[in-house]
Amino acid sequence: MTLLRLEAVHTYIGQFHILQGIDMEIEEGGVTVLLGRNGAGKTTTLKTIIGLLAPRSGQILVKGAPIGGKPAYEVARHGIGYVPEDRGVFTDLTVEENLRLAERKRGQLEARKQWILDVFPDLGRFWAQKGGRLSGGQQQMLAIGRALVADNAILLIDEPSKGLAPIVVEHLAQVLNQLKAHTTIVLVEQNFWLAAATGDRYCILDDGLSVHAGQMAALIADSDLQARHLGVSAKGRAV
Amino acid sequence: MMLSRLKADRWLLLAASVLLLLPLPKLLAANGLMAGDATALWPPTYYLQRGTEVFVYAVFALSYDILIGFTGIVSFGHSLFLALGAYSVAIVVMKLHLSIWVSLVVATLVSLTLSVAVGTLSLRLKGHYFAMITLAFAEVGYVLATKLSDWTGGQDGLSVRVPMWLVSRTNDYYVGLLFLMLMFLLVRRITRSPLGRVLEAIRENENRATALGYNVTAYKVAAMTVSGVVAGFAGVAMTIIDTRFAIASLATTGPTIEVLLMTVLGGAGTLIGPMIGAAVVRLLAYVLPGLTDISPLFQRWQFLLGLIYILTVLFLPFGIVGTYRARVSKALERVVHPPARKAAG
Amino acid sequence: MGTPQLTLPLFITMILNGLAIGMLYFLVAVGLSVIFGLMHVLNFAHGSMSMVGAYVGLTVLRLFGNPAVGTAPSWAFAIAIVAGGGAGFLLGWLTERFLVRPLYKRPLFLVLLTLGLILVLDESVKIIWTANPQGLVIVPALAGTVSVLGQPFAIYRVFLIVFGLTMIVLTWWAVNRTRVGIIIRAGVQDSDMVQTLGINVRQVFSLVFAMGVGLAAMGGIATAPFNGVYPGMGGEFLLKAFIVVVIGGFGSTVGTALGATVLGLTEQFLPWFFPKFAAVAPMAVMVLVLLLRPEGLFSFSGRRAG
């Protein structure tokens, strides 16, 4: 079943035409990885879905309900969690407060606390610490954990591996693989290793257009395709 | 071709308005008002003084337009320079007993020095912080003006005696008109100079101006200096040809808010707009209270001005002249590039 | 010099006086600080709004007696504070909802708008209540003095300290212990991110604007027994609030409380040591802090709330 659908989405930032007609279908379950060169429009696509940027034209549908152009808080209430590139951790709030902020109903945090702590044991250890005191990896875990507090059917995660040590990235891959049993994930990732290790499907963006989509396994096997669109074939073959 | 024609029109308009303003004293005299006709509502000097006042405020508004309209910075301490000009004249003439010509030199030097100093210090800060620090500077000026009463006359202010030939309101009027014309040409020249173009680049996009290698802060200090000196001149003119009085309240936020109103109402960044704004605001200040018979509300004319101003901010952000120009250039656009051709291109 | 010896009892009275005034400054400034921290709106009309609240409170007090000669009953003063605060709350809410909201994307015009509001509000009170200062005598229950180490100390100032501390604690509790408080502190850092969590920050904006102005309005009435209520008080409050917020740092309630106390104490002690320049000193301090530490004296990690 199609959970999230983008139809001919155009987005401008100021006078710049960033998304020039994105078409995309996100199936329920698993991880869909958005790939593409820098400036292809991956982050803009996520921001447009969550409602931080308004599309100038086109349709965005969640379970058939149009959300394009709605403010972010309404989009989020359709069951979409967002983990931005800079993680969006509130540095002046404690870990608990960061998580509590994401509650959409009273008691949600209590209901899910144990599960979240099982996935991210570090968060329990720093429960009463300010978000600003956490390391980059821990902040990433907090940001993802926060997106799990509410009943989100879809998580949009933007470049979680950025600035993290390889060993943390490996842990992240385990976490994402663990999470995809519970929720659908749309992942923007430049690190092809992480994309390959977690992705089920992929969608390649180039110059604001969606140019290719398919099964991740097929992309991993097709080094020509990688070279053409990603320029990462060497790295891809190594995996 | 259309554009140059428009520019020529604008010059004609300006020349026409000066020509219209020139014979006002003669007109008043011809109507018997000059002789102190007892039946007249107000003595003719009243109208001349109003005119002079408009000229002085128009210069003050021009100076503010350099900041808000051409550089995109909002100073809340602009009244400080008005007060500096006024007090320079008053103190040099009344306390040091020197000639009024000396006071002109002193006023220039004082407003130059202080605008460089205030600009250098405060322009290290951005946005709201800049607004607050300029406000604080003006407030320091106000408090000093009230406390150093040996020099400033304290809360009572200082009256200024001017040479006999300036006591005539007719002469004041002509001097004021000439002063405004000179200042308009000066400011216009500066805004169209390379300096002016850099300032506009800063207003449009400060980061890009920095990236292009301009020392943005230095340019802003330059803008504030020009603006401060011109505002100082307005203060000088105020004490010599208009009120003949320097008072501490000139340094409060009152005049700053008023000049902001004139600039925004007329259209920031247009030079002509702020002058029109000055005329509208100052004339309303005298016309509206006269309507008290209709409604006592008119006695509080500043309330009405405030409402007009808020409506301008909400619905007419480019002011009178800015909106008019946008209309004209849109109309021109349609003439020069007809829609059909535009679509093809 | 003819100034008396600075004895310990006198010293303590001066500290208490400074605290009492500092509490008033806190009430007036805290809204300015949090509104700027959260919405990036520097509300130049904050002082004038506080003044309008003071006028409303006074008018309500008049329903029960003549406050100018002290015939208004003591309990009515409590009603006046609540009514003035309520009027401020409403004024703040309306301003955010109808005037500020359309301009969030045009910050320059937002500043211009709040300046225009000064003019409109200051003139409105002159239209409604005339330009003359309106007196308010301390109500009987709070009149008189107590003895502090042999020095007389006004009960009203004791009331101010208690009232102010209560408000500080309540504000601290609201910001640090409630869900709205968490949203405010998060929003001060990144209001877009708060939106993506499913929270309509705009609703909180209105509430914070209303609460901030409401607190300032309470501060407005509470100062009335000192100088009365008059059209110029808006401008004076604004300057004091600026100084407090600059010292304390924007967006921080704790910083505002500290800044307000520092200003209150400074104003008590400076005239003692530098009688001539006491009036310029607060401004000079503000200029210095802005130049040397624009994030505020009591801000330790950049912009923060809490």
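Taken together, the values in this text are just the output of simple stated rules run on the coordinates, not laboratory data. Quantities reported herein were computed from a predicted structural model and do not represent experimental measurements. Please note: Cβ atoms are built from the backbone with ideal geometry, for glycine as well, and neighbour counts cover all protein chains shown.
Listed values, structure above:
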item: Three-way shape label, the range C:153-213, alpha-carbon gyration tensor, a/c 1.5; result: prolate
item: Selection from A:GLN129, A:ILE204, A:ILE154 lying farthest towards where the dipole of the range A:95-210 points positive, charges on Cβ; result: A:GLN129
item: Chain B - mean residue ellipticity at 222 nm from DSSP helices (-39,500 (n - 2.57) per run, n ≥ 4, rounded to 500); result: -23000 deg cm²/dmol
item: Separation in nanometres of the label points that stand 7 Å from Cα toward Cβ, at C:TRP172 and B:ILE294; result: 5.7 nm
item: Nearest-20 debye value, the protein assembly as shown charge dipole, Cβ charges on Lys, Arg, Asp, Glu; result: 900 debye
item: Cα centroid separation, the range B:190-256 to the range A:144-198 (Å); result: 53 Å
item: Peptide-level mean, for B:121-128, of C-beta atoms on other protein chains within 10 Å; result: 3
item: Cα Rg over Rh - chain B, Kirkwood; result: 0.99
item: Trypsin sites (Lys or Arg not before Pro) within the range A:52-83, DSSP loop, no more than 14 other Cβ atoms inside 10 Å; result: A:ARG56
item: At 1.002 mPa s and 20 °C, Stokes D of chain A from Kirkwood alpha-carbon radius, µm² per second; result: 118 µm²/s
item: Rounded tilt (10° steps) of C:233-248 against the dominant C-alpha axis of chain C; result: 70 degrees
item: Local electrostatic count, A:GLY199, Cβ distance below 12 Å [Lys/Arg +1, Asp/Glu -1]; result: 0
item: Debye equation applied to the C-alpha atoms of the range B:164-301, log10 I(q)/I(0) at 0.15 Å⁻¹; result: -0.93
item: Listed residues C:ALA78, C:ALA87, C:ALA210, most fluctuating in chain C (Gaussian network, C-alpha, under 10 Å); result: C:ALA78
item: Kirkwood Rh, Cα atoms: Rg over Rh of chain C; result: 0.98
item: Residues in the range C:152-179 that a label on A:GLU96 would reach, taking backbone N under 15 Å of a point 7 Å out along Cα→Cβ; result: C:176-179
item: Normalised contact order of the range C:212-306, rounded percent, pairs of Cα under 8 Å and 6 or more residues apart; result: 33 percent
item: Convex hull volume of the range C:64-150 per residue (C-alpha atoms, cubic angstrom); result: 166 Å³
item: Cα point-scatterer Debye curve for the range B:60-137, base-10 log of I(q)/I(0) at q = 0.11, 0.14, 0.16 Å⁻¹; result: -0.33, -0.51, -0.63
item: Phi to ³J(HN,Hα) by Karplus 6.51 cos²θ - 1.76 cosθ + 1.60 over the range C:106-118, Hz, x for Gly, Pro; result: 10, x, 4, 6, 4, 5, 4, 4, 5, 5, x, 4, 3
item: Two-decimal log10 I(q)/I(0) for the range C:3-139, as the Debye equation yields it once each C-alpha is a single scatterer, q = 0.18 Å⁻¹; result: -1.07
item: FRET efficiency, B:ALA16 to B:SER149 (Cβ-Cβ, R0 51 Å, nearest 0.05); result: 0.60
item: Along principal axes, Cα extents of the protein assembly as shown, largest first, whole Å; result: 101, 86, 49
item: Average silhouette area of the range A:139-239, convex hull of alpha-carbon atoms, in square nanometres; result: 6.8 nm²
item: Least to most buried among A:GLU170, A:GLU110, B:GLU139 (fewest other Cβ within 10 Å first); result: A:GLU110, A:GLU170, B:GLU139
item: The range C:162-233-the range B:45-83 distance, computed between alpha-carbon centres (Å); result: 37 Å
item: 14 Å beta-carbon shell around A:ALA153, net charge (K/R +1, D/E -1); result: +2
item: Sequence of C:PHE159, B:PHE298 once ranked by neighbouring C-beta atoms within 10 Å, starting from the fewest; result: B:PHE298, C:PHE159
item: Residue order, fewest to most surrounding Cβ atoms within 10 angstrom, among A:THR183, B:THR239; result: A:THR183, B:THR239
